[in-house]
Every structure is written in C-alpha cells, then in structure tokens.
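Taking it in order: structure first as structure tokens, then the write-up.
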Amino acid sequence: MQAKPVQQPVKNPIYSTKETRMMKIKKELKRGKHYYILMAPYMIIFFMFTIIPVVISFGLSFFSFNMLEMPKFIGWDNYSRLFLNDDIFMIALRNTFIFAAITGPISYIACFIFAWIINELSPKVRAFMTLVFYAPSISGNVFFIWLIIFSGDTYGYLNGFLMQAGFILEPIQWLKDEQYILAVVIIVQLWLSLGTSFLAFIAGLQTIDRSIIEAGAVDGIKNRWQELWFITLPSMKPQLLFGAVLQITMAFAVADISIALAGFPSVNYAAHTVVTHLMDFGTIRFEMGYASAIATVLFAIMVGTNMIVQKILRKVGD
C-alpha cells in the first residue's frame, strides 16, 4: 500500500511577498549601515527643523492661533478668507507670479549660458570669471549700491544720467512710484541670480566625458548646437534639475530684495509678495494660523511648479 504524500501548507502569496520585501529591506539596511549612520545626524536635524515644522504649519492652517491663547479649530476659514476676502493677498499672489514668470526662466537660462561660455575658457580665466559672476550673489552691500543707482533725487546715478542726456527734466521716484517699483526689484533680482545654480552648471559641464563628444562627432553631430542639445544637456540632467529647484525657490520666495528697495510695505503694495504677506501676518500681527495657511499655499505652488519643470527637463535631449 503506497503512503500518501504529506501535504505542504499553502503559503499566502501576499504574505510571502511582504516577507520578501522585508528581507530585502533588512539586507539593504545591514549592507549600508555605515552610510546610514553617517547620514543619521543630518537626517535627524532635517526631520526636526524642516519636516516637523512643515507638518505643524499645515496643521495650524486649520486653527486660529495668536500665540497667546490656545489654538481654536476653524476648519477651512483661513483659506476662504485668504482667497475670498484678502485683496492684498491677491495683489501679492499676482506680483509673485509676475516676478517668478520673468526672473525664473531668464535667470535659469542666463545661468546656463554664462556657465557654458565660461567653461570654454582656460582654467585660470575660468576661475576668475566664475568668481566675478558669482560675487554679486554673496555681496553684502548690494542693496546699498542699487539704492544709490535708483535714488529718487538728482544725485541718483540713473536720474543723473537721464537728466544729463535730456531724456527727463526732473527726477523719477523709482522706488516710490508704483509703476516702477516691481520692475526695479526684478532687475536687481536678475543681477543677483547667478548664484548656486551657476556654480552647479559649471560643475556639471566640467564632468562631461570628452569621449562622448568625440563619439557624437563620429555619429553625425555637425555643430555646437547639436552637441549642446544631444550631448551636453542630457549629460547634465542632475545639475539641471538641481538648478531648477533652486531657481523656482528663489523666484517664489522673494522678500529681502523687495523690503530693502521698496520698504515694508511698499507703496500701494506694488512690490508686495506672498512671502512679505506671510511675514506681515506671522511676525507682526502674530496670526499664526492665517500665516500657516499662506505658507501652505506657497508650498503647494512651489511643489506643483517644480514637478512641472522637472517633467519638462526630463525630456531634454529626447
């Protein structure tokens, strides 16, 4: 009589898949434990001072909180007040989008073009020119220089030049007239835009393998523009994405330049931005719930714009 085979218990494929994933995670953690230990201090600080404040800010946006009394839950009232009753916020939102739409793309393209040109120079000249173009972004007295240039009296450099040339008869109040204020802030921001993104592009151009360029010439690359599109830009995608994040953040988070040049608040809120509006309610009026709602809206705009730009950049060279 033949013995019956012992039936093995049937494993649930869902649990087996979970066990396999857990095993892979444990192996990965064990294999890279030294790297995770080295990353731990930064990750702890980043979590404590970035992730947690962002989460708390989002939670506070649903409360009324003045830092003296206990927070009071009010639901979506802060957001409805923001978009339906706060006319100054709508002015700030419009100014921010105008500012970002002009300075973001222009400064991003300018950073790459100047980096591309400077990269073709000899090493010593390239180092000097990199310092020259990067210096404005780290200069401490830059606002003072521009205040002299756009001074509203006859001693202002721009007014003096225009009056001597016969273009105007009396000084223009560049920083007091609302039709000029935003344009002045945009000009100064463009002058300051060659910052970290510019250095990242310089570094990315330095890491391109010359053998790829030579292989491209053999495969039919005929000029520098084709080399730029099919070889240079695809080889620099990490630097391009990094630069895009920085430029988007700078474009939407403008505040210091506006305050230094046009004051706080500016004339008829002509240079008022979302960040200055946030500073108004957060650091002056101490309406922390409402300020948190403003910060949440700005964060959502930045993230959405960043995702769109990254999708576009991933298609570069295709």
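The values are calculated or read from the model by the stated rules, or taken from the named source; none is laboratory data. Because the structure is predicted, anything quoted here is derived from the model rather than measured. Using ideal geometry, Cβ is built from the backbone for each residue, glycine included, and neighbour counts are taken over all protein chains shown.
Return the residues of segment 209-225 that are closer than 17 Å to Ile113 by Cβ and part of a helix (DSSP H, G or I); say none if nothing qualifies.
Result: Arg224, Trp225.
Of all the residues that make up segment 280-296, how many are among the hydrophobic types (A, V, I, L, M, F, W, C) and surrounded by fewer than 17 Cβ atoms within 10 Å (Cβ to Cβ)?
Of the residues in segment 280-296, 2 are among the hydrophobic types (A, V, I, L, M, F, W, C) and surrounded by fewer than 17 Cβ atoms within 10 Å (Cβ to Cβ).
State whether the residues of segment 100-109 include one that is of a type in the set (A, V, I, L, M), touching a Lys or Arg at 6+ places or on another chain (Cβ under 7 Å) and surrounded by 13 or more Cβ atoms within 10 Å (Cβ to Cβ).
Checking segment 100-109: not a single residue is of a type in the set (A, V, I, L, M), touching a Lys or Arg at 6+ places or on another chain (Cβ under 7 Å) and surrounded by 13 or more Cβ atoms within 10 Å (Cβ to Cβ).
Only one residue in Ile181, Ile168, Ile106, Ile148 is β-branched (Val, Ile, Thr), farther than 30 Å from Trp225 by Cα and in contact (Cβ under 8 Å) with a residue 12 or more places away in the chain, so which one is that?
Ile181
Considering each of Tyr180, Tyr155 in turn, give the residue that is surrounded by 14 or more Cβ atoms within 10 Å (Cβ to Cβ) and over 30 Å from Ile117 (Cα atoms).
Sole residue among the options that is surrounded by 14 or more Cβ atoms within 10 Å (Cβ to Cβ) and over 30 Å from Ile117 (Cα atoms): Tyr180.
Give the number of residues within segment 66-85 that are under 17 Å from Val297 (Cβ atoms), out of contact with any strand residue (DSSP E or B) (no Cβ under 7 Å at 6 or more places or on another chain) and not hydroxyl-bearing (Ser, Thr, Tyr).
The number of residues fulfilling the criteria is 9.
Going by the conditions given, is Leu121 outside any helix (DSSP H, G or I) and of a type in the set (A, V, I, L, M, F, W, C)?
When the stated conditions are applied, Leu121 passes them.
The conditions are (1) at pLDDT 85 or above; (2) surrounded by fewer than 18 Cβ atoms within 10 Å (Cβ to Cβ), and Gly220 fails exactly one of them. Which is it?
Condition (1) is where Gly220 drops out.
Check Thr96, Thr130 and return the single one that is touching a residue at least 40 places away in the same chain (Cβ under 8 Å) and either among the basic types (Lys, Arg) or under 17 Å from His272 (Cβ atoms) (or both).
Thr96
From the set of residues in segment 232-255 that are assigned to a helix (DSSP H, G or I) and without any contact (Cβ under 8 Å) to a residue 60 or more places away in the chain, which is farthest from the chain's Cα centre (by Cα)?
Ser235
Which pairs turn up if I take residues in segment 58-75 that are touching a residue at least 24 places away in the same chain (Cβ under 8 Å) and of a type outside the set (A, V, I, L, M, F, W, C) and look for partners that are part of a helix (DSSP H, G or I) and surrounded by 14 or more Cβ atoms within 10 Å (Cβ to Cβ) with beta carbon separation below 6 Å, at least 6 apart in sequence or on another chain?
Note: pairs meeting the criteria are Ser61/Asn78; Ser61/Ser292; Ser61/Ala293; Ser61/Thr296; Ser64/Gly289.
Does Leu233 satisfy being buried (at least 19 other Cβ atoms within 10 Å of the Cβ) and of a type outside the set (Ser, Thr, Tyr)?
no
Condition (residue is surrounded by 12 or more Cβ atoms within 10 Å (Cβ to Cβ) and either basic (Lys, Arg) or in a helix (DSSP H, G or I) (or both)) applied to segment 64-75: is it met by at least one residue?
No, segment 64-75 contains no residue that is surrounded by 12 or more Cβ atoms within 10 Å (Cβ to Cβ) and either basic (Lys, Arg) or in a helix (DSSP H, G or I) (or both).
Here is a check on your reading of the model: is Lys311 part of a loop (DSSP other than H, G, I, E, B) and of a type outside the set (A, V, I, L, M, F, W, C)?
no
Can you tell me how many residues within segment 102-113 are over 12 Å from Gly243 (Cβ atoms) and touching a helix residue (DSSP H, G or I) at 6+ places or on another chain (Cβ under 8 Å)?
Selection size over segment 102-113: 3.
Among what's in segment 124-155 and is in contact with a Phe, Trp or Tyr (Cβ under 7 Å, 6 or more places away or on another chain) and assigned to a loop (DSSP other than H, G, I, E, B), pick the residue that is farthest from Val185 (Cα to Cα).
Per the criteria, the residue is Gly152.
Can you tell me which residue within segment 258-273, out of those that are assigned to a helix (DSSP H, G or I) and buried (at least 24 other Cβ atoms within 10 Å of the Cβ), is nearest to the chain's Cα centre (by Cα)?
Going through the qualifying residues, I end up with Ser258.
Within segment 159-190, track down each residue that is farther than 20 Å from Ile102 by Cβ and part of a helix (DSSP H, G or I).
Asn159, Gly160, Phe161, Leu162, Met163, Gln164 - these are the residues of segment 159-190 that are farther than 20 Å from Ile102 by Cβ and part of a helix (DSSP H, G or I).
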